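Asker: Below are the structure tokens for one structure; questions will follow.
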Amino acid sequence: MQFKDVLADKALKQKLIDLARSGRAAHAQFFLAQPGSHALALAVAYGQYLCCEHPTETDSCGECPSCKQYAKLSHPDLHLYFPNCTTKSVKKDPDSAQLATEFKDFVLKNDFHVEIHDWLSELEGENKQASINTRDCSDILRHNSMRSYQDGYKVYVLWCVDRLYHSAAPKLLKTLEEPESKSVFILISEEPDKILNTILSRTQLVKIPRLTDADIADKLQQAYPEISQEDASDIALLADGDYNKAMRIATDNEEQNLLLQQFEIFFDSVLAFAQKKNLAVVQYDQVQGVIDEVIKQGREYQKQFLLLVLRMLRNTLMQNSNNPGLLKVTHQEKSVIAKYQDLLNLKQITSMTELCNKAIYHVIRNGNSSLIFTDLYFQMAKSL
């Protein structure tokens, strides 16, 4: 993985290159990632640059034996650690070494655009407590006590380090503080609050900036040439800096259109009911059909529907503000919002926003979905 192929801030990539060239690369760094960022790719590109035989001022050469091994994640001095659990093939005492082949295949197949829940799905371990465990820590200590295979840098990448067992973490403290010569540790996480302060205090913080909408739109058009510039911009806006989310939307744009249609039926009926219009206008049978369909699609879809309601309420409020730059809305959503902008005020939108957040809370905690959505419908109408 070369820096030129990493979807990340250009200034940050150049800063890492400059540190490596100057010999001032910190021996332990914490990459604070944003959701959907290319953090793992950035870490591997950094390791590849450190080990490259002919690095340039802007990137690794990509041609030397070391770079070619890094491209396959097969370099003997690149050590990857990640959350793991028992699987069909690993029945007992799992660790990263036993699942290394599966993990590397998963990463390469997805071009380093990886998320923890997708990895757990790959392992069929969604309901298991996957972690970086004591066996992984022992493996790190063992490798760190040995010389590198190619007499260069040894690079240790701990992906989702927030899942490092707290009981296992103390084993790494001395190593992070005083590693062997030419050892570089890169810890990656989106959730620093779940990491022991004793670990974080021994690392240099590297903040990975949120991806811009323009960067995501450009990348989408490269990856999916059939997507128009307008659609790419809309998807980037919906993704809110998360490229993984943008890819999901791009490959299933029909779902986003369906969600918007379902929202329109649901909210039109809420308004009609609140205004005490006749049942023919309220069309509650259609609303019940929407609720049933949303519930049938599962809890993640239910959450997406509620998040859409929240976004539409926010944008309706922003539409009436004096700052159009705050408006985050697709071309299709804009026409829907136009219907509501003169009908809702701040107090009503605030009340409905609280109701939606409450509904999301109960959906995540496996509440009765039928009761949650039915109650949301009547409570929103009451708030109007």
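Asker: List the residues, sorted by chain then number, that are 5 or more residues from residue 183 or on another chain and whose placed amide H is less than 5 Å from its amide H.
Answerer: Here the answer is 154, since their amide H atoms fall under 5 Å of that of residue 183.
Asker: Going by amide H atoms built from the backbone, whose H comes under 5 Å of the H on residue 30, apart from near neighbours?
Answerer: For residue 30, the qualifying residues are 187, 204, 205, 206.
Asker: Could you give the length gained on full extension between residue 97 and residue 111, defined as 0.36 nm per residue of separation minus the Cα-Cα distance, in nm?
Answerer: Answer, rounded to one decimal: 3.0 nm.
Asker: So how tilted is helix 346-364 from the main axis of the chain? Cα-based, degrees 0 to 90, rounded to 10.
Answerer: With rounding to tens, the tilt is 60 degrees.
Asker: Quick one: grab Rg to one decimal and Dmax as a whole number for the stretch 252-383, Cα atoms only, in Å.
Answerer: 14.2, 40
Asker: Each label point is 7 Å from the Cα along the Cα-to-Cβ direction; what then is the distance between the points at residue 90 and residue 178, in nm?
Answerer: Simple spin-label model gives 3.1 nm for this pair.
Asker: Net charge around residue 158, counting only other residues with Cβ within less than 12 Å of its Cβ (Lys, Arg = +1; Asp, Glu = -1)?
Answerer: Value of the local net charge: -2.
Asker: For residue 258, project a label point 7 Å along Cα to C-beta. Then give me every residue of the stretch 278-314 with its amide nitrogen under 14 Å of that point.
Answerer: From the stretch 278-314, the list is 290-305.
Asker: Once you have a ≥ b ≥ c as the square roots of the Cα gyration tensor eigenvalues for the stretch 52-141, tell me rounded if a/c is under 1.5, and otherwise prolate or oblate according to whether a/b is larger than b/c.
Answerer: Judged from the Cα gyration tensor, the stretch 52-141 comes out prolate (a/c at least 1.5, a/b above b/c).
Asker: Same structure again: With just the Cα atoms defining each centre, how far is the stretch 29-62 from the stretch 354-375? Give it in Å.
Answerer: Their Cα centres are 42 Å away from one another.
Asker: Apply the Karplus parameterisation 6.51 cos²θ - 1.76 cosθ + 1.60, with θ equal to phi minus 60°, to every residue of the stretch 231-242 and state each ³J(HN,Hα) to the nearest whole Hz, in sequence, with x for glycine and proline.
Answerer: For the stretch 231-242, the Karplus curve yields 5, 4, 5, 5, 5, 4, 5, 5, 6, 6, x, 9 Hz.
Asker: Taking the alpha-carbon distance from residue 296 and a cut-off under 21 Å, which lysines remain once sequence neighbours fewer than 8 residues away in the same chain are dropped?
Answerer: 358
Asker: Applying the Karplus parametrisation 6.51 cos²θ - 1.76 cosθ + 1.60 with θ = phi - 60° to the phi angles of the stretch 372-380, what ³J(HN,Hα) value in whole Hz is obtained for each residue in order, glycine and proline being reported as x?
Answerer: Result, ordered by residue: 4, 6, 5, 5, 4, 4, 6, 5, 5 Hz.
Asker: Under a point spin-label approximation (7 Å from Cα along Cα-to-Cβ), what is the residue 347-residue 210 distance to one decimal in nm?
Answerer: Inter-label distance under the simple model: 3.1 nm.
Asker: Tell me the net charge near residue 9. Cut-off is 10 Å between Cβ atoms, residue 9 excluded, with +1 for each Lys or Arg and -1 for each Asp or Glu.
Answerer: Result for the local shell: +4.
Asker: Taking amide hydrogens as modeled 1.01 Å from N in the peptide plane, which residues meet the under 5 Å criterion relative to residue 84, leaving out close sequence neighbours?
Answerer: For residue 84, whose amide H was placed from the backbone, the distant partners under 5 Å are 131, 132.
Asker: I would also like to ask the following. Of (1) 80, 45, 35; (2) 57, 51, 47; (3) 70, 57, 34, which one was derived for Cα extents along the principal axes in Å from the structure shown?
Answerer: (1)
Asker: Can you tell me which aspartates and glutamates have their Cα less than 16 Å from the Cα of residue 92? Leave out same-chain residues fewer than eight positions away.
Answerer: Leaving aside aspartates and glutamates fewer than 8 places away in the same chain, those within reach of residue 92 are 124, 136.
Asker: Net charge within 10 Å of residue 269 by Cβ-Cβ distance, Lys/Arg positive one each and Asp/Glu negative one each, not counting residue 269 itself?
Answerer: Net of charged neighbours comes to -2.
Throughout, read-outs are computed from the coordinates displayed, never taken from laboratory work. Not measured: the values here are computed from a predicted model. For neighbour counting, all protein chains shown are included, and Cβ atoms are generated from backbone atoms with ideal geometry for every residue, glycine included.
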